[in-house]
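Each remark here refers to the structure printed beneath this line.
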C-alpha cells in the first residue's frame with residue numbers, strides 16, 4: 001500500500017508539473033499575442049495585408065525558415081507551402097500591434113524615465129564635427145557620424161541603411177554598408193519607404209556579426225519582436241538606431257505625379273528634400289516650398305495605423321524636430337549610451353543641452369501625442 005501510495009503521489013506530482021508547464025506555455029503564447037501554430041494566410045493575410053496594415057518591412061520574408069514568402073506587387077505573398085510555424089506572425093510589426101513589453105535588460109537601467117515619447121536615459125542635441133559628413137547629411141549628420149565612429153572603432157563590422165536608386169532620384173533601397181565610403185554614400189534622408197530589414201540577408205551571407213541597424217519605428221518594432229522571439233537570424237543586430245517618422249510617402253504619387261508632373265520640377269535636378277513644417281525641395285534654381293497639407297494625400301496608407309513617432313523601441317532615436325544643422329537625440333538604452341557617449345568622447349560629434357531647444361522638445365511631445373491619437377486601431 002505504501003509503495004502504491006508513493007507511486008500515485010509521484011504520478012500526481014508529474015501530472016501537476018506537466019499541467020503547470022502547459023499552463024505556462026499558454027500564458028506565454030497569450031502574452032506574445034501570437035499562437036504557436038498559425039499559418040501565413042490565417043494571420044498576416046487576413047489581419048495585416050487585407051486590412052491595409054502591411055508596411056512592407058520584409059521581416060516575414062527573411063524570417064520564414066522555408067523562404068515560402070516573397071514580395072509581389074509590394075506585398076508579402078505565399079509562394080510555397082506554409083508549415084504553420086507562426087514565425088511570420090511573431091515578427092510582423094503590424095500583427096497584434098499593442099506595445100511590446102520592453103526588454104528589461106535593455107530598458108530598465110537606473111535613471112531611465114518613461115515619457116510620452118518612450119523610455120530614455122538621456123536627451124541631447126548633437127551634430128557631426130566632420131564638415132564632409134555635414135554636407136552630405138540631413139540636419140546634424142549624427143546618424144552618419146555614429147556609424148562611421150562605430151565602424152572605425154570596431155564596435156560594428158557593417159551597417160544596415162538605405163541607399164538610393166540612381167535611375168530614380170531619392171527612391172531608397174536597402175543597403176549593407178561595410179566601409180566608410182559606403183556609409184557616406186548612403187547619408188541623407190529620403191521620405192520614401194525602404195525595407196531595410198531585407199539587407200540582413202546580405203549580412204548573413206557575408207557573415208557580419210555586429211551590425212548597426214538604421215530604420216523607421218515599424219522596422220525597429222519588427223526587430224524587437226524578432227529578438228524577443230529569440231530568432232537567431234536577428235542576433236547580429238547590435239545597435240538599433242530609430243528614425244523619428246510621422247509617415248512615408250508613395251514615390252510615384254509624390255515625386256513623379258506631384259513634384260514632376262504638377263509642379264514641373266525635374267527630378268534629376270533636385271539636390272535635397274527636407275521637411276520643416278513644409279516640404280522644402282532644393283534645386284539649382286532655388287528652394288521650392290510645398291505645403292504639407294498639399295502632399296498629405298500621398299502618404300502610405302499603412303502609416304495611418306502606426307502610433308509610434310519617435311521609434312520608442314530603439315537603442316537611440318534621432319530626428320530633426322525643426323532644427324537647422326542639429327539633430328535631436330533620445331538615448332534609451334545602455335547600448336545606445338555606449339555608442340553615443342563614445343562618439344562624443346572622441347570628438348566625432350558635438351553636443352548641446354536640450355534646454356537650449358525648448359521648441360524641439362515641445363514638437364517631439366506634440367508629434368508623439370498626435371501619432372498615438374490619430375493612429376487607426
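The values are calculated or read from the model by the stated rules, or taken from the named source; none is laboratory data. Note that this is a predicted model, so its numbers are computed, not measured. A quick note on method: Cβ atoms are made from the backbone with ideal geometry, for glycine too, and the neighbour counts reach across all protein chains shown.
Between 218, 303, the distinction of being surrounded by fewer than 24 Cβ atoms within 10 Å (Cβ to Cβ), in the same structural domain as residue 332 (by TED's automatic domain parsing) and touching a residue at least 40 places away in the same chain (Cβ under 8 Å) belongs to 303 only.
Scanning the range 216-230 for residues that are outside any loop (DSSP other than H, G, I, E, B) and touching a strand residue (DSSP E or B) at 6+ places or on another chain (Cβ under 7 Å) turns up 217, 220, 223.
Residues in the range 231-274 that are in a strand (DSSP E or B) and either exposed (fewer than 13 other Cβ atoms within 10 Å of the Cβ) or at positive phi (or both): 271 only.
Of the residues making up the range 199-213, those that are touching a residue at least 12 places away in the same chain (Cβ under 8 Å) and part of a loop (DSSP other than H, G, I, E, B) are 206, 208, 209, 210.
Of all residues assigned to the range 21-34, none qualifies as being over 22 Å from the mean Cα position of the chain (by Cα), within 29 Å of residue 240 (Cβ to Cβ) and modelled with pLDDT of 90 or more.
Inclusion of residue 175 among residues that are closer than 27 Å to residue 321 by Cα, surrounded by fewer than 24 Cβ atoms within 10 Å (Cβ to Cβ), touching a strand residue (DSSP E or B) at 6+ places or on another chain (Cβ under 9 Å) and modelled with pLDDT of 95 or more is warranted. I'd like to know if the range 349-364 contains one or more residues that are surrounded by 21 or more Cβ atoms within 10 Å (Cβ to Cβ) and either in the same structural domain as residue 55 (by TED's automatic domain parsing) or not in a helix (DSSP H, G or I) (or both). So far as the range 349-364 goes, yes, one or more of its residues are surrounded by 21 or more Cβ atoms within 10 Å (Cβ to Cβ) and either in the same structural domain as residue 55 (by TED's automatic domain parsing) or not in a helix (DSSP H, G or I) (or both). Restricting attention to the range 266-289, the residues that are under 20 Å from residue 319 (Cβ atoms) and either touching a strand residue (DSSP E or B) at 6+ places or on another chain (Cβ under 8 Å) or assigned by TED's automatic domain parsing to the domain that holds residue 192 (or both) add up to 8.
Going by the conditions given, is residue 328 at pLDDT 95 or above and in a loop (DSSP other than H, G, I, E, B)? Judged against the criteria, residue 328 is not a match. Inside the range 33-77, residues that are assigned to a helix (DSSP H, G or I) and farther than 22 Å from residue 306 by Cβ make up a count of 2.
You will find that of 310, 236, 337, the residue that is under 30 Å from residue 65 (Cα atoms) and under 23 Å from the mean Cα position of the chain (by Cα) is 236 and no other.
The lone criterion from (1) touching a residue at least 60 places away in the same chain (Cβ under 8 Å); (2) within 18 Å of the chain's Cα centre (by Cα); (3) not in a strand (DSSP E or B) left unmet by residue 318 is number (3).
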